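Just below is one structure, and these are the notes that go with it.
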Amino acid sequence: MERELIFLYDNLIYHIDNTAYIIGESVQDEELKQRIQDVTQKNNLDHIKSVLDLAYAEVNNLCYPYTKIPPAAPMGRDFNDLSDKKRYVIHLVMPPITAKSSLELARERINEYFVWKVMNDWLKITAPDIAGKYSKDESKMGDLIQDALAPRMKTLNIKPSTF
């Protein structure tokens, strides 16, 4: 069963902006609050885009057993220009018995991974003192993505006991 998990750039930006607002509201210093909440301002979007592209590559790697896709560019050629993707598509080839709830859980966790990847990067730049407080969320989401798919990665064969 082939599935596509689609993450729209505008929706990710909206979610990142909401998360930045919540984190900013927890800070007392008004100048720091403003710097944190400026994550999705126009002059910062190129940086955010490059972090989202990195998160997309990492998610494909985290979902590896199901994302075995041949490279689009001929071998030996790849460019490092900024992508203009307006959506991130994770192509998954899943066993036919995969539950819909597993895919929904993976989709939500991948969305959170995108958001926390950007927020951790942004906080390291704008508020290094509080960045450590949130740094666990990104790696935790990576583990949770794999946990959502892990039970379905291998078929478990139980040998009968001789006793």
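None of the figures in this text is laboratory data; all of them are computed from the coordinates on show. Keep in mind that this is a model prediction, so the values were computed, not measured. Note: ideal-geometry Cβ built from the backbone for every residue, glycine included; neighbour counts use all protein chains shown.
Odds and ends about this structure:
- Order of 8, 52 under a 10 Å beta carbon neighbour criterion, fewest first: 8, 52
- Charge dipole (Cα centre; +1 on Lys/Arg Cβ, -1 on Asp/Glu Cβ; no other charges) of region 2-152 amounts to roughly 540 debye.
- Linear extension gain, residue 22 paired with residue 93, 0.36 nm per residue minus alpha-carbon span: 22.0 nm
- Distance between the pseudo-spin-label points of residue 10 and residue 159 (7 Å out from Cα toward the beta carbon): 5.8 nm.
- Beyond 28 Å in Cα-Cα separation lie the following of the pairs 68/159; 136/159; 86/124; 33/100; 100/133; 42/100: 68/159; 136/159; 33/100; 100/133; 42/100.
- Couplings 3J(HN,Hα) for region 108-124, derived from phi with the Karplus relation 6.51 cos²θ - 1.76 cosθ + 1.60 (θ = phi - 60°), are 5, 5, 5, 4, 5, 4, 4, 5, 6, 4, 5, 5, 4, 4, 5, 5, 5 Hz, where x marks Gly and Pro.
- Across region 2-152, Cα pairs under 8 Å and at least six residues apart give a relative contact order of 36 percent.
- Over all Cα atoms in region 2-152, the spread is summed up by Rg and Dmax: 16.6, 52 Å.
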